[in-house]
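Below is one structure, written out as structure tokens; the observations come after it.
The values are calculated or read from the model by the stated rules, or taken from the named source; none is laboratory data. Because the structure is predicted, anything quoted here is derived from the model rather than measured. Neighbour counts are summed over all protein chains in view; Cβ atoms, including those assigned to glycine, are modelled from backbone coordinates with ideal geometry. SASA here: full protein model, heavy atoms, side chains in, ligands and nucleic acids out. Shrake-Rupley method; radii C 1.70, N 1.55, O 1.52, S 1.80 Å.
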Amino acid sequence: MKRPRPYAPEKVGFIAFSALMLGHAAQGMTFTAFTPGLPEMAKSFNATGHGMEIAQQTVTIAALGVVAGSFLSGKIVDMVGSRITMLAMLALFGITGIGGLFLSNPVALLASRVINGVSVACLVTACVTMMSILFRDDERAKVIGTAGAMGAAASLISLLLGGILAQSFGWRAAFIQFPVFGLLGLLLAYFGIREIPRQVSGANSERQSWVKIFPLFVLTSLLSLVMFMGSTQLAFLLPQDGISTSTTISFVMGTITVFAVLSGLSFGQLEHRLGLQNTLALGFTSCCAGLSLIGLASSLTMAFAGAALLGAYVGIAVPYPYHAVMLKTTAHARAKSIGLLGAFNFLGAFLNPFIFGPITKAYGLHDTFLVVAVFMGIFAAGTFLIARAKPPHIASQQT
């Protein structure tokens with residue numbers, strides 16, 4: 001039987017489809033929109049001599065809100081529905097994001113960033129939950145892959161726009177992106193999304209779902225742990241290879257984002273042709289090759305090639321857990337499961353410096369990249385072997 005087109009106007013429509021992208025887009029811009037102005041922000045809050053710490057915390061503390069919101073988001077969606085959650089969190093995202101425009105008290109600013117993170121977590125859960133209901137099988141993979149790509153694109157666009165605003169009007173101006181995004185998002189969601197009936201919870205089916213997906217939570221942390229090497233360890237490794245100018249470093253790291261967008265847009269097609277596990281194995285292989293090139297890099301060309309391969313991995317690693325959890329859970333447990341994925345995703349990001357820091361001190365950055373490359377190669381081989389023992393496509397009959 002022929003599958004319906006994933007973006008057919010009579011099924012979802014362009015406005016509704018665009019609204020479903022808002023969760024990942026908001027998550028992407030949350031940690032990048034104002035980062036070009038951090039040095040100036042640090043000066044503004046340096047009365048007590050802790051300006052740099054305060055400026056850095058405005059970025060990182062949002063992750064605390066994302067983790068807390070991830071644990072709450074599934075329950076919120078189950079209680080009030082996806083559409084209401086989406087509208088409320090878009091409003092909250094804009095309101096709390098505007099704090100940077102005028103808040104002079106560091107505690108108040110940091111508190112606004114925590115709540116901003118909570119709103120992002122709930123928004124992502126609402127959007128992905130709706131994707132799981134509105135789309136089936138291959139269509140789900142295409143839509144969640146596109147959402148991941150839009151998240152990466154929003155991260156890059158907001159970073160560049162934030163730099164322009166901060167340079168032209170001061171560091172606070174970059175925060176205007178949050179209320180503008182929230183308002184435009186509200187319009188898209190209000191006119192494009194209709195409420196989807198909530199599922200009645202079934203205790204037994206939820207227990208079965210948790211047993212199936214707990215390994216997926218652990219895998220999500222692993223994917224994120226390695227993914228963030230591109231935004232943490234890589235920035236310190238490049239100067240060791242003679243790539244010391246900020247512009248060149250930004251171009252190399254921007255290559256990760258560009259290829260993450262391209263890979264994310266291709267995720268659905270890859271999953272359709274190769275199967276879900278083979279697609280993950282391909283992502284592991286790309287990561288292994290990218291980390292190896294970066295670890296062995298002796299030229300700018302090798303660094304760019306490694307960044308491109310690492311970006312291809314990111315484009316697969318972001319949508320994979322969401323699509324997998326849609327396939328493995330019943331509708332009753334899906335919203336809570338999707339919410340928890342966000343918590344485990346940021347757990348991996350949080351653990352990155354604690355795990356790789358000691359390894360780097362003991363063996364150096366180049367060897368750290370090579371060691372992780374070996375492990376990713378092992379994961380790739382193991383995933384390929386597991387995929388050979390299963391059908392190429394995993395069909396989900398759970399609704």
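Ordering 297, 99, 267 by the projection of their Cα atoms onto the charge dipole of the chain, which places +1 on the Cβ of Lys and Arg and -1 on the Cβ of Asp and Glu, puts 267 at the extreme positive end. Computed over the chain, the per-residue total of -39500 (n - 2.57) for DSSP H runs of n ≥ 4 gives a 222 nm mean residue ellipticity of -27000 deg cm²/dmol, rounded to 500.
Only protein atoms count toward the accessible area here, which uses a 1.4 Å probe; on the chain, the carbon and sulfur part of that area reaches 71 percent. Placing +1 on the Cβ of every Lys and Arg and -1 on the Cβ of every Asp and Glu, with nothing else charged, gives the range 1-125 a dipole about its Cα centre of roughly 540 debye. Quick one: net charge around residue 128, please, counting Lys, Arg +1 and Asp, Glu -1 for every other residue with C-beta under 13 Å from its C-beta. Once positives and negatives cancel, what remains is +3. Sorted into 10 angstrom bins from 0, the C-alpha pair distances of the range 242-395 split as 11, 32, 37, 16, 4, 0 percent. Three principal axis extents describe the C-alpha atoms of the range 49-132; from largest down they are 48, 21, 18 Å.
Only protein heavy atoms count here; on that basis, with a 1.4 Å probe, residue 236 has an accessible area of about 150 Å². Rg and Dmax of the range 100-143, based on Cα coordinates, read 16.5, 49 Å.
Could you tell me which of rounded, prolate or oblate describes the range 86-174, using a ≥ b ≥ c as the square roots of the eigenvalues of the alpha-carbon gyration tensor, with rounded for a/c under 1.5 and, failing that, prolate when a/b is larger than b/c and oblate otherwise? Note, shape of the range 86-174 comes out oblate.
Net charge dipole, the chain: roughly 980 debye, given to the nearest 20, about the Cα centre with Cβ charges of +1 for Lys and Arg and -1 for Asp and Glu.
Think of a 1.4 Å ball rolled over the protein heavy atoms: the chain then has 44 Å² of accessible area per residue.
Net charge of the neighbourhood of residue 264, taken over other residues with C-beta under 15 Å away and scored Lys/Arg +1, Asp/Glu -1, is +1.
By definition, a body whose alpha carbon gyration tensor gives a ≥ b ≥ c is oblate when a/c is 1.5 or more and a/b is not larger than b/c, and the range 131-192 fits this oblate description. The range 153-178 and the range 337-382 have their alpha-carbon centroids 30 Å apart.
Note on the chain: Cα Rg divided by 2.2 N^0.38 Å, N the number of residues, gives 0.96.
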